[in-house]
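A.B. asks: Sharing a structure here in structure tokens format.
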Amino acid sequence: MTQERHFFFRTDGTPLFATLHLPAGGAAGRTALVVCDSLFEEKYWCERVFANLGRAAAAAGAATLLFDYAGYGNSAGEPIDVDPASLVRDAADACRFARDLGASRIVFLGIRWGAAVASAAAGVAGADALVLVQPIRDWSPELMKALRANVAGQYAIFRKTVMTREQIIGELAAGGACEHGGYHMNNVEGYLFSHRFVEGAREMTLPATTGTDIPVTIVRIPEKAGAPVRDDGLADAIRAGGATCEEIVIPDDNAFWINNRIFTSRAPGFVEAIVSRLAGGGRGEAGAPATGDARPAGGGPKEQERADAPAVVAMAGDDLPGAADAVTIGGVREEAVVLDGGETGPVAGVMYRPDGAARETGVVFTHGGLIGMNGAFRFNTRAARRLAAAGFPCLCADTHGVGRSGSRLGNVEQRVLFRWICNGLFADDVVAAARLLRERSGARRIAAVGVCGGAITNLIAQSRSAEIDDSVLLSIPVMLPSLRYGEVRMSEGYARFYLGLYLRKIFNLRAWWRFLTFRSEYDKIFAALGGFLAGLSRRIGGSANRRPAPPPAKPAAKSGLSVTVPGAGEDMSFNDDFLRAYRAIVGRGGQIDFVFGEHDNFRWEFESEFLARMPGEIERGRGLVTIESIEHANHMYTLREWQDEIVRRCAARFSGGD
């Protein structure tokens, strides 16, 4: 009988959140796998695969400890305080925690950025073996590579580049604030970094960080199907240092640390390779059945869910030395909870309680559908902590089959998964979360906040249950996702904005070089041209307000996936579930706040497909519905400045209910 436990450890310092997968009989005398995540958004793309790895390992008789670094996930701290030394310290403390559980053998696994962290911590904490998955050999050039998106994003805010990558690094070194126009420029995907991080990154190289002669396994998964795996010489360098090193190439799994077209829940080749080595090298029966087939057999989401809940799901307690199910961080009491997800399995979450008197409104945060309870760019965690500090009890939870929750969604194309989400796949989980928050906190009113897929999920959940009184819907989709391969949906308004960004680069030699060397976003460029010209044609022909007939769907499926999707034949159609939910909510007097980023394609779709063509619906919701925008913001509110503005508006809105 295996167990899953969600808790905090290192509670006498900076608390770290963790999930522990235990085999029958516990960890005593067993092998324990300690996973060191990647950094930035890569950490969250890996989360579901590692949860299923932990379940497979527990079924095979090994424990697995998944933990969040300080400044990441549900652990205490902010990214600006993170540096390589703190990451190694966190990993070493996780290893010691596993030792205190009685584990007789520790295997460190580090992926991408986490490979160097695991390597360094293995020497500090005395691990017995090391697994490096798609390791980054040298952090400094990888950091400069990651900053490219930062520079590109400056065009959307300032209409030009205001700080190059070199200028950002230089200003940090000089002790500058690294701000421009009210924005922190020292960020990767919204995660702020310090000069300490930059300096420490210079020392994070492989195999220099290893400092030990324990056995090493390098696992490589091509980032594109069929792509060759480049030999970076790491294995030879490790062997030259006196350690044994095995290299494994797994060509059939998805590169689950990147946001590609496939929502990756299972990486069967990867999981089998790791589990077999934890068990001593044999490919026992536990490996394959625990991971299952990477390709779902067909049918809708219900047919693709399989009960994958452990026999026991327990909270941390006195039987786990050094662990606690609740801690206080910055004046907010944070508690690991498990919701009863019914037939879909348990749902993991964290509840945030004000240290003092609570206000009457509680807030449920719903993620977008692919990344877990922390939300994209850690928005949910940061927002929940700030609102809880202001008196609003909050709850962030993984929906079933996502993040660290139970049940299972098979690997599926993102466009298909989002079609399911737009039809309410996770809505019942949000209703259950709202009910739990109301019961545990005593809140009189419950509001739901979510971005993109989380927004449409919350709208449908609010329409289904009186448990939810108010919704703040960030970047809600009103059009069903396209099921045509390679098609980029782009409204005329966004097309004009997007083309404007490129026109501003017309004298930028670097931009021309990227265009001529086939590194530009050609699909988006041509989609923008098409959207602009189509809009121009409609205006000339006098048909601007006529909805075009949807193009036929292409029935062929990619990668062997065969699925049944609601509305599959209406490739670009308006989502009727959105309209039904909207009418049900305003019909009973519920409140809705639609919020869009200024530069969000979905904002233009909302305006053209809903506001312009259905003015009676807005009149129906008069006094109940508000529509707002966040200046400069993109679709997912990447930067903390946009996130802070959303939190400020939420606090003001919810205070009105008290």
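A.B. asks: Evaluate the following for residue 81: is it closer than 30 Å to residue 149 by Cβ, in contact with a Cys (Cβ under 9 Å, 6 or more places away or on another chain) and not aliphatic (A, V, I, L, M)?
C.D. replies: So residue 81 does not fit the description; no.
A.B. asks: Moving on. Can you name the residue in the range 77-90 that is in a helix (DSSP H, G or I) and either closer than 17 Å to residue 35 by Cα or small (Gly, Ala, Ser) (or both) and, of all such residues, is most open to solvent (accessible area, probe 1.4 Å)?
C.D. replies: 89
A.B. asks: I've got another one for you. Here are 412, 416: which of them is farther than 24 Å from residue 66 by Cβ and not acidic (Asp, Glu)?
C.D. replies: From the options 412, 416, the qualifying one is 416.
A.B. asks: Here's a follow-up. Does any residue in the range 57-71 that is in contact (Cβ under 8 Å) with a residue 12 or more places away in the chain come within less than 7 Å, Cβ to Cβ, of a residue that is in a strand (DSSP E or B) and open to solvent by 10 Å² or more (accessible area, probe 1.4 Å) six or more places away or on a different chain, and which pairs are these?
C.D. replies: Pairs that qualify, where the first residue is in contact (Cβ under 8 Å) with a residue 12 or more places away in the chain and the partner is in a strand (DSSP E or B) and open to solvent by 10 Å² or more (accessible area, probe 1.4 Å), are 58/22; 62/31; 63/22.
A.B. asks: Quick check: anything in the range 39-49 open to solvent by 10 Å² or more (accessible area, probe 1.4 Å), basic (Lys, Arg), at pLDDT 95 or above and not in a strand (DSSP E or B)?
C.D. replies: No: zero hits.
A.B. asks: Moving on. Can you tell which of 68, 93 is within 21 Å of residue 336 (Cβ to Cβ), open to solvent by less than 20 Å² (accessible area, probe 1.4 Å) and of a type in the set (Asp, Glu)?
C.D. replies: 68
A.B. asks: Could you go through the range 121-144 and let me know if any residue there is under 26 Å from residue 178 (Cα atoms), in contact with a Pro (Cβ under 6 Å, 6 or more places away or on another chain) and small (Gly, Ala, Ser).
C.D. replies: No.
A.B. asks: Also, I was wondering about something else. In this structure, is residue 382 more than 17 Å from the chain's Cα centre (by Cα) and surrounded by fewer than 24 Cβ atoms within 10 Å (Cβ to Cβ)? Steps first, answer last, please.
C.D. replies: Details: more than 17 Å from the chain's Cα centre (by Cα): no; surrounded by fewer than 24 Cβ atoms within 10 Å (Cβ to Cβ): yes.
For residue 382, the condition - more than 17 Å from the chain's Cα centre (by Cα) and surrounded by fewer than 24 Cβ atoms within 10 Å (Cβ to Cβ) - is not met.
A.B. asks: Still on this structure, please answer the following. With respect to residue 646, determine if the residue is over 29 Å from residue 191 (Cβ atoms) and either under 24 Å from the mean Cα position of the chain (by Cα) or of a type in the set (A, V, I, L, M) (or both).
C.D. replies: Against the criterion (over 29 Å from residue 191 (Cβ atoms) and either under 24 Å from the mean Cα position of the chain (by Cα) or of a type in the set (A, V, I, L, M) (or both)), residue 646 does not qualify.
A.B. asks: Still on this structure: Among the residues of the range 365-383, is there at least one that is over 24 Å from residue 20 (Cβ atoms), outside any loop (DSSP other than H, G, I, E, B), modelled with pLDDT of 90 or more and in contact with a Pro (Cβ under 7 Å, 6 or more places away or on another chain)?
C.D. replies: No, the range 365-383 has no match at all.
A.B. asks: Output yes when any residue across the range 242-251 is open to solvent by 10 Å² or more (accessible area, probe 1.4 Å), touching a residue at least 24 places away in the same chain (Cβ under 8 Å) and in contact with a Gly (Cβ under 8 Å, 6 or more places away or on another chain), and no when none is.
C.D. replies: Taking every residue of the range 242-251 in turn, at least one turns out to be open to solvent by 10 Å² or more (accessible area, probe 1.4 Å), touching a residue at least 24 places away in the same chain (Cβ under 8 Å) and in contact with a Gly (Cβ under 8 Å, 6 or more places away or on another chain).
A.B. asks: Please list, ordered by residue number, the helices (runs of 4 or more DSSP H) wholly in the range 406-477 having 2 or more residues that are at pLDDT below 95, among the charged types (D, E, K, R) and within 20 Å of residue 346 (Cβ to Cβ).
C.D. replies: Counting at least 2 such residues, we get 427-441.
The values are calculated or read from the model by the stated rules, or taken from the named source; none is laboratory data. What you are looking at is a predicted structure, and each value in this text was computed from that prediction instead of being measured. Using ideal geometry, Cβ is built from the backbone for each residue, glycine included, and neighbour counts are taken over all protein chains shown. Surface areas here come from the heavy atoms of the whole protein model, side chains and all, with no ligands, DNA or RNA. Shrake-Rupley method; radii C 1.70, N 1.55, O 1.52, S 1.80 Å.
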